1. Which value, in debye to the nearest 20, gives the size of the charge dipole of the stretch 152-262 about its Cα centre, when Lys and Arg are +1 and Asp and Glu are -1 at the Cβ?
2. Taking the 0 to 90 degree range and rounding to the nearest ten, how far is the long axis of helix 155-165 tilted relative to the main principal axis of the chain, both from C-alpha atoms?
3. Which of the lysines could a cross-linker bridge to K83, judged by Cα under 27 Å and excluding same-chain residues fewer than eight apart?
4. What's the angle, to the nearest 10 degrees (0 to 90), between helix 183-210's Cα axis and the longest principal axis of the chain?
5. Mind jotting down the three principal axis lengths of the stretch 1-135 based on Cα atoms? Whole angstrom, largest first.
6. Just the ratio, please: alpha-carbon radius of gyration of the stretch 49-115 over 2.2 N^0.38 Å, N its number of residues.
7. Considering the dipole of the stretch 119-243 built from charges on the beta carbon (Lys and Arg +1, Asp and Glu -1) around the Cα centre, which of T168, F146, L238 is farthest to its positive end?
8. Helix 36-46 versus the longest principal axis of the chain: what angle, 0 to 90°, nearest 10, using Cα atoms?
Amino acid sequence: MTVLLVDLGNTALKWSVLGSEEEPKTVVHRAQSHFKKDLYAAWLALNPTRVVGSTVAAPALAFSATKFFNDHRIPWEWVRPQKVFESDEVVLENRYANPMQLGADRWHAALGAVHAAQGESLLVVHTGTATTVDSIEMTAPGRYAFAGGRIAPGITLMQKGLFEGIPTLPDAMGEATDLPKSTADAVATGLIDAQVGLIVRAKHVFERTAGRPVRVIMAGGAAAYLAPHLRQEVPDLLVHHNLVLRGLAARAAQKEEKENHR
Ligand SMILES: Nc1ncnc2c1ncn2[C@@H]1O[C@H](COP(=O)(O)OP(=O)(O)O)[C@@H](O)[C@H]1O
Ligand SMILES: CC(C)(COP(=O)(O)O)[C@@H](O)C(=O)NCCC(=O)O
């Protein structure tokens, strides 16, 4: 049984086979389709028995992938957020006012996070096209709730907005410093601080409402760039690059178990 896991975001498609979520492959699509031939050939070579995916973006690409799965008679499911995920190990409750409005990637990142770092409340930061900062409260051992979360532009989108909105600014990112003394350094520092400040503020608020310290766990395409800066404020930061795929793995494993008990 080879289960293919697919996380289709607004910038990149990440995928792995179930059991290898630690080594995901990434294809930056930017809503283009040039890479599809190679990608589909790689998937076909794996001879997958089924596909479990999350998509919040690029409908044309999701449609194309779905057609590819149908053409090759590979059963697929684009999984949605749930009201509650329950397994022998973990329960995760979705407290969004309308649970189905929550992005499938955020739900599965939260699910991935509670599997990756059990035993404490978590602030799950996903630094993708958007930066999402989600509060996952541990309500009892093994029991968690998606208590709420924030959505802001990711750092690349912020940069794009700045340069598109103010064309007189030179389109250059410098270095983050304590007292920036050039335009390029001022922009880099401003953008990084906007991201770090968002996360630190969310952490303060979550700790105040939860009444105890929370662990920050970061993932997403910009995590490697942002983590060293966030670590200055949050020294015990955890970085994982595959939280959505980990969450999809939990969904896929649960489905396998149900199938086996039929
Ligand atoms: N080589 C790269 N190409 C595109 N984006 C990159 C690259 N390296 C880092 N990034 C950052 O990663 C972000 C995309 O991260 P990702 O988690 O794949 O997002 P999404 O899930 O929204 O597709 C970009 O917005 C950018 O900030
Ligand atoms: C917030 C998002 C745009 C993030 O997308 P990403 O940056 O991971 O591509 C996505 O999770 C989404 O479209 N969410 C639906 C709205 C919500 O979660 O409330």
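1. Roughly 620 debye for the stretch 152-262.
2. For helix 155-165, the angle is close to 60 degrees.
3. Those lysines meeting the cut-off are K14, K203, K255, K258.
4. Rounded to the nearest ten degrees, it is 60.
5. Answer, in whole Å and largest first: 42, 31, 27 Å.
6. Working it through for the stretch 49-115, the quotient is 1.26.
7. The Cα lying farthest towards the positive end belongs to F146.
8. Orientation of helix 36-46: about 50 degrees from the principal axis.
Quick note: the coordinates plus some simple rules give every number you see, no bench work behind them. Please read these numbers as outputs of a predicted model, since none were measured by experiment. Cβ: placed from backbone, ideal geometry, glycine included. Neighbour counts: every protein chain shown.
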